[in-house]
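S.K.: Submitted below is the structure of interest, expressed as structure tokens.
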Amino acid sequence: MGNRFQDQVVMITGAASGFGRMAADRFAAEGAKLALSDISGAALDEVAQSLRDGGTEVIADVVDVSEQAQVQAHAAHIVEAFGTLHVGINNAGLGHDLAPLHLLPVEQFDKNYAVNARGVFLCMQAQLPMMLEAGGGVILNVASAAGLVGSGRLSGYAAAKHAVVGLTRAAADEYARKNIRVNALCPAFTVTPLVEEMAAQVGARGGMNRDQALGHIASRIPMGRVAQPEEIVQAMLWACAPENSFMTGQALALDGGLTAV
């Protein structure tokens, strides 16, 4: 590994599993100091301690990103511990049960929007003042290919991820002259807990085992397979890297060709 993020402070939400946990490992290997959060305290503590054991400076807070007070308290902790913030990765998210729009419970829609869209908004509101004071920074919002195209039976999730793309582009326009880059990452189906849950639903309805269900999901992707988390996380580092200094306002699709057709 290199040292592209040596001594930079990197905030990662949803850091206890999936993309967030792997991103924490990768940024640590590149020399970053980490501010981690997740709603799952026990899993977050395990991640944080593992990184500390490897020599990384880490703070970790249990945060529900849909709650403004909790997000702001985490930002205050970052300032107290590290003094500033260089990179913000807004990764925390959740899905909902597969359902046609007219049968999707409004409670699931509201919860999805609260975490996936409002959560990104609140985190950006906390991150931007720190970056303005520091004279610049990078924000990467983890959206989805569902934020670029229609996604049947995932209407609430798709609506929230479309909102993330909109927030990304608006912020990129507003803060480009302040040396703050804002981009979104839009992965398609990837082997994460979220897609494992989806595969379980697909399998239960279709009488398929896990591998068959993942194969069914992958049949929608031109490359004929789902992504591995490593394929997405490497793009996170590239998007935030100092040498990638002229990209802002982009919604980057890592989707095996899904949005190309």
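S.K.: When the range 71-89 is examined, which residues are found to be within 18 Å of the chain's Cα centre (by Cα) and farther than 14 Å from residue 32 by Cβ? Don't jump to the end; show me each part of the working.
M.R.: Start the filter on the range 71-89 by keeping residues that are within 18 Å of the chain's Cα centre (by Cα), which leaves 71, 74-75, 85-89.
Matches in the range 71-89: 71, 74, 75.
S.K.: Can you tell me which of (1) touching a His at 6+ places or on another chain (Cβ under 7 Å); (2) under 16 Å from residue 92 (Cα atoms) is the one residue 11 doesn't meet?
M.R.: (1)
S.K.: Hey, another quick one. When you scan the range 25-61, how many residues do you find that are outside any loop (DSSP other than H, G, I, E, B) and either under 14 Å from residue 12 (Cα atoms) or not aliphatic (A, V, I, L, M) (or both)? Give the derivation first.
M.R.: Of the residues in the range 25-61, the ones outside any loop (DSSP other than H, G, I, E, B) are 25-29, 33-38, 41-53, 58-61.
Okay, now just the ones that are also either under 14 Å from residue 12 (Cα atoms) or not aliphatic (A, V, I, L, M) (or both), so 25-28, 33-38, 41, 44-53, 58-61.
Residues flagged as outside any loop (DSSP other than H, G, I, E, B) and either under 14 Å from residue 12 (Cα atoms) or not aliphatic (A, V, I, L, M) (or both) within the range 25-61 amount to 25.
S.K.: Please verify whether the range 178-187 includes one or more residues that are in contact (Cβ under 8 Å) with a residue 60 or more places away in the chain, under 21 Å from residue 258 (Cα atoms) and surrounded by fewer than 22 Cβ atoms within 10 Å (Cβ to Cβ).
M.R.: no
S.K.: Specify which of the listed residues (79, 106, 63) is buried (at least 22 other Cβ atoms within 10 Å of the Cβ) and β-branched (Val, Ile, Thr).
M.R.: Values: 79 fails: buried (at least 22 other Cβ atoms within 10 Å of the Cβ); 106 fails: buried (at least 22 other Cβ atoms within 10 Å of the Cβ).
Exactly one of 79, 106, 63 is buried (at least 22 other Cβ atoms within 10 Å of the Cβ) and β-branched (Val, Ile, Thr), namely 63.
S.K.: If only one of 182, 233 is in contact with a Lys or Arg (Cβ under 6 Å, 6 or more places away or on another chain) and at pLDDT 95 or above, which one is it? Break it down into steps so the answer makes sense when it comes.
M.R.: On the way: 182 fails: in contact with a Lys or Arg (Cβ under 6 Å, 6 or more places away or on another chain).
Just one listed residue meets the conditions, 233.
S.K.: So, one more: Which of (1) surrounded by 17 or more Cβ atoms within 10 Å (Cβ to Cβ); (2) in contact with a helix residue (DSSP H, G or I) (Cβ under 7 Å, 6 or more places away or on another chain) does residue 84 not meet, given it meets every other one?
M.R.: (1)
S.K.: Could you look through the range 124-170, keep only residues that are within 14 Å of the chain's Cα centre (by Cα) and outside any helix (DSSP H, G or I), and pick out the one that is farthest from residue 68 (Cα to Cα)?
M.R.: This residue is 144.
S.K.: Would you pick out the residues in the range 40-59 that are out of contact with any Lys or Arg (no Cβ under 9 Å at 6 or more places or on another chain) and either charged (D, E, K, R) or closer than 22 Å to residue 134 by Cα (or both)?
M.R.: Those that are out of contact with any Lys or Arg (no Cβ under 9 Å at 6 or more places or on another chain) and either charged (D, E, K, R) or closer than 22 Å to residue 134 by Cα (or both): 45, 46, 52, 53.
S.K.: What helices (runs of 4 or more DSSP H) lie completely within the range 192-241 and have 3 or more residues being within 26 Å of residue 34 (Cβ to Cβ) and in the same structural domain as residue 21 (by TED's automatic domain parsing)? Walk me through it before giving the result.
M.R.: Values: elements: 193-206, 210-218, 229-240.
By residue number, 229-240.
S.K.: Here is a check on your reading of the model: is residue 40 exposed (fewer than 15 other Cβ atoms within 10 Å of the Cβ), within 22 Å of residue 143 (Cα to Cα) and touching a residue at least 12 places away in the same chain (Cβ under 8 Å)?
M.R.: On the way: exposed (fewer than 15 other Cβ atoms within 10 Å of the Cβ): yes; within 22 Å of residue 143 (Cα to Cα): yes; touching a residue at least 12 places away in the same chain (Cβ under 8 Å): yes.
Criteria met by residue 40.
Residues checked against (1) under 19 Å from the mean Cα position of the chain (by Cα); (2) in the same structural domain as residue 233 (by TED's automatic domain parsing); (3) small (Gly, Ala, Ser):
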position: 2; (1), (2), (3): no, no, yes
position: 17; (1), (2), (3): yes, yes, yes
position: 25; (1), (2), (3): yes, yes, no
position: 28; (1), (2), (3): yes, yes, yes
position: 35; (1), (2), (3): yes, yes, yes
position: 38; (1), (2), (3): yes, yes, no
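S.K.: If you don't mind, there's one more thing I want to ask. Would you point out which residue out of 64, 38, 7 is more than 20 Å from residue 114 (Cα to Cα) and not small (Gly, Ala, Ser)?
M.R.: Working: 64 fails: more than 20 Å from residue 114 (Cα to Cα); 38 fails: more than 20 Å from residue 114 (Cα to Cα).
Result of the check over 64, 38, 7: 7.
S.K.: Against the condition modelled with pLDDT under 95 and over 27 Å from residue 34 (Cα atoms), how does residue 96 come out, does it pass?
M.R.: Taking the combined requirement at face value, the residue satisfies it.
S.K.: Kindly list the number of the only condition in (1) surrounded by 21 or more Cβ atoms within 10 Å (Cβ to Cβ); (2) under 26 Å from residue 97 (Cα atoms) that fails for residue 240.
M.R.: (2)
S.K.: Right, next: Where residues in the range 169-191 are of a type outside the set (A, V, I, L, M, F, W, C) and in contact with a Gly (Cβ under 6 Å, 6 or more places away or on another chain), which of them is farthest from residue 242 (Cα to Cα)?
M.R.: Here the residue is 169.
The values are calculated or read from the model by the stated rules, or taken from the named source; none is laboratory data. Being a predicted model, the structure only gives us computed values, none of them experimental. When we count neighbours, we look across all protein chains shown, and the Cβ atoms used for this are built from the backbone with ideal geometry, even at glycine.
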